[in-house]
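Each remark here refers to the structure printed beneath this line.
Rule-based calculations on the coordinates, nothing more; no lab input. Quantities reported herein were computed from a predicted structural model and do not represent experimental measurements. Cβ atoms come from the backbone with ideal geometry, glycine included; neighbour counts cover every protein chain shown.
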Amino acid sequence: GTCAALNDAGVPCRKINKIQEGRPNIIDAIKNQQVQLLINTPTHKGPTTDEGRIRSAAVLNRIPIITTITGAEAAADAIVSLKQGQWTVKPIQDYYAQMNKP
């Protein structure tokens, strides 16, 4: 249902098979470098779960992975800012100094 929900929200995507749905599946896509960013919010824990296998494949193949909805929202906001040219980087100390000015 994730693909349908994303498409309904205006985010173009294509469905990739889950591990148990046969090949090619998400692990194949990760190994073939067809994935640039992975958002995987686990519902089960452990290395033998599908989520664990997906996370492991992402790490082994140097694919950035986000594992929380909050993290995904922050990454999406950052990507939007980057695309709009509003991306600036400064040390955290600068932000802290601005917050504590009288």
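First select every other residue whose beta carbon is under 11 angstrom from the beta carbon of Gln34; then total the charges, Lys and Arg +1, Asp and Glu -1.
Net local charge, Gln34 excluded: +1.
Write out the trypsin sites (Lys or Arg not before Pro) in the range 28-67 meeting two conditions: DSSP loop, and at most 16 other Cβ atoms within 10 Å of their Cβ.
Those that pass, being in a loop and sparsely packed, are Lys45, Arg62.
Identify which of the listed values of Cα extents along the principal axes in Å was calculated from the structure shown: (i) 64, 39, 26; (ii) 60, 32, 24; (iii) 66, 33, 27.
Step by step, Cα extents along the principal axes in Å for this structure corresponds to label (ii).
Taking the Cα centre of the range 1-68 as origin, sum charge times position over the Cβ atoms of Lys and Arg (+1) and Asp and Glu (-1), and report the length of that vector in debye to the nearest 20.
Working: 9 positive and 5 negative charges, 38 e Å.
That gives a dipole near 180 debye.
Taking 22 Å as R0, compute the FRET efficiency from the Cβ-Cβ separation of Thr49 and Cys3 and round it to 0.05.
That gives a FRET efficiency of 0.60.
In whole Hz and in residue order, list the ³J(HN,Hα) couplings for the range 52-59 that follow from phi through the Karplus curve 6.51 cos²θ - 1.76 cosθ + 1.60, θ = phi - 60°; x for Gly and Pro.
So the J values, rounded to whole Hz, are x, 5, 5, 4, 4, 4, 5, 5.
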